[in-house]
Amino acid sequence: MGTEARISGDAVAREKENGGAHVQSTPELDAGALFVLKSRGSWLHCGYHLTTSIVAPALLSLPFALSVLGWVGGIISLLACGFLTFYSYNLLSIVLEHHATRGIRLLRFRDMATFILGPKWGTYFVGPIQFGVCYGAVVSGIVLGGQNLKYIYVVSNPEGTMKLYRFIIIFGALILILAQVPSFHSLRHINLLSLVLSLAYSACVTAASLHLGYSKNTPARNYSLEGSEVSQLFNAFNGISIIATTYACGILPEIQATLAAPVKGKMFKGLCLCYTVIAVTFFSVAISGYWAFGNEAEGTILTNFMGHNLLHSWFLVMTNAFCLLQISAVTSVYLQPTNEAFEKKFADPTKSQFSIRNMAPRLISRSLSVVIATIFAAMVPFFGDLMALIGALGFVPLDFIMPMVFYNVTFKPSKGGYIFWINTLIVGVSSVLVAVGGVASIRQIVLDAKAYRLFANL
């Protein structure tokens, strides 16, 4: 069974969520919930966590997504995924608040599935999927961090011979340090900096795209869709999967668990803050990047910048440095579910969080987790193709399907009302996206397989 924090009044709730040395008063909370998911944050802190979990350097792939969807399809997909995810995350928050006001605070995604749908859903479906997408995001983040380091190196030293895997290992060492941050709540100041950095590199990318787009030396742009009709169809679904994954979170219950009681209304404010940043960053980067490069937009717009001598080297270094620092915060956020699982398994909730008994297994388990992710990232730096598959089969079910199911099962809206049918329609369309997006992602992996090799210097 998952962890359920039974609450009887704010004072008791705070006592149960203190995460300190004396935790005997909360036997129903395991060490993972007590130590990693400390409920001490405000709605602002929640907004910082949400923004970091969604607004990441993966948004630099949005111009590429538009290049396979076109102007109309791309803009519609951006808007639709934005509205759907905001609606979905708000429903998820409402369900969590509903149970919290009735004395049961569900702290994790798998807790929700277990309590609402039954233990098998939490153990065999939601739990493994969430672990897969979160750990996949960690590996992907380490790859992206290594690539940013290499971009900085190449700009500063064009004749340098260092390989990508070395930069991935260097970045992995940084994540190894950040992985030791004791709790999700402890990341609040780092995630505020992450929010500022996301605005900074998005502004840099937008300015660079406009500068290159208006330059007299820029090649003619082509906005037509390439390939056969079948290829265009599969590419379109791949583009939708990229956009959906860019909006994905996958850890909203864990983020809401960091809120201090009472939680009512706080998550909505955090979502509003997050989606204000999303509106500024996603659309500016996607539209300006696609406008500047058309269907020549690369998987990440930074690659397009590296091929032009119209941008100053200091500007490229600065933009990549912003991305590098922010992806370290994003990777740290997605480590939290695995950190929580390790604490639950190996820590003793009757001892202090900072006792030798709990610190030793924490240091070993978290370090081992990051080392394995770093080795995998160095070996398989083309992880973007795999993340598209993970996004289609993981993030879409978690963020587009399960919230609707949780809401309908919890509140049982009338079949004569519009909410039930809107939720059912979203589940149906999202299920189709899972199936077709999964096939499109596998197809892309097969097409790119001939270029795959271990420790590739991309």
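The values are calculated or read from the model by the stated rules, or taken from the named source; none is laboratory data. As the structure is a prediction and not an experimental result, all values here were calculated from the model. Please note: Cβ atoms are built from the backbone with ideal geometry, for glycine as well, and neighbour counts cover all protein chains shown. To get the accessible areas, we keep the full protein, side chains included, count just its heavy atoms, and leave off ligands, DNA and RNA. Shrake-Rupley method; radii C 1.70, N 1.55, O 1.52, S 1.80 Å.
Using C-alpha pairs below 8 Å separated by at least 6 residues, the relative contact order for the chain is 33 percent.
Along the chain, counting only trypsin sites (Lys or Arg not before Pro) with a DSSP assignment other than H, G, I, E or B and at most 10 other Cβ atoms inside a 10 Å radius, the longest segment between sites is 217-414.
Take the Cα of D348, step 7 Å toward its Cβ, do the same at R221, and the gap between the two points is 6.3 nm. Between 0 and 90 degrees, rounded to the nearest ten: what's the tilt of helix 402-411 against the longest Cα principal axis of the chain? The two axes meet at around 30 degrees. Computed over the Cα atoms of the chain, the ratio of the radius of gyration to the Kirkwood radius (Rg/Rh) comes to 0.97. Summary of the geometry: the stretch 169-197 and the stretch 100-115, compared by the centres of their Cα atoms, lie 27 Å apart.
Remark: the Cα gyration tensor places the stretch 184-317 in the oblate category, a/c being 1.5 or greater and a/b not exceeding b/c. Shown for the chain: the carbon plus sulfur share of the solvent-accessible area, taken with all protein chains present and a 1.4 angstrom probe, equals 70%. Once both labels are positioned 7 Å from their Cα atoms along Cα-to-Cβ, the gap between I442 and V429 label points is 2.5 nm.
Quote the FRET efficiency, to the nearest 0.05, computed for T123 versus I372 with a Förster distance R0 of 22 Å and r equal to the Cβ-Cβ distance.
0.45
The chymotrypsin sites (Phe, Trp or Tyr not before Pro) of the stretch 171-276 that DSSP puts in a loop, and whose beta carbon has at most 14 other beta carbons within 10 Å, are Y223.
Using a 1.4 Å probe, what is the accessible area per residue for the chain, in Å²? Present the calculation step by step, with values, prior to reporting the outcome.
Details: 18570 Å² over 458 residues.
I get 41 Å² per residue for this part.
The long axis of helix 336-346 is offset from the longest Cα principal axis of the chain by roughly 40 degrees. What is the angle, in °, between the Cα long axis of helix 188-214 and the longest principal axis of the Cα atoms in the chain? Nearest 10 is fine, range 0 to 90. It works out to around 20 degrees.
Shown is the FRET efficiency for R102 and S186, computed with R0 = 30 Å from the Cβ-Cβ distance and rounded to the nearest 0.05: 0.55. Between the amide H of I104 and those of I7, distances stay under 5 Å, these residues lying 5 or more places away or on another chain, with hydrogens modeled in the peptide plane.
Length gained on full extension, R357 to T161, computed as 0.36 nm times the residue gap minus the Cα-Cα distance: 66.1 nm. The dipole here belongs to the chain: it is taken about the Cα centre, uses +1 on the Cβ of Lys and Arg and -1 on the Cβ of Asp and Glu, and is about 720 debye. Pairs over the 29 Å Cα-Cα cut-off, from the set K150/K344; K150/K450; K150/K269: K150/K344; K150/K269.
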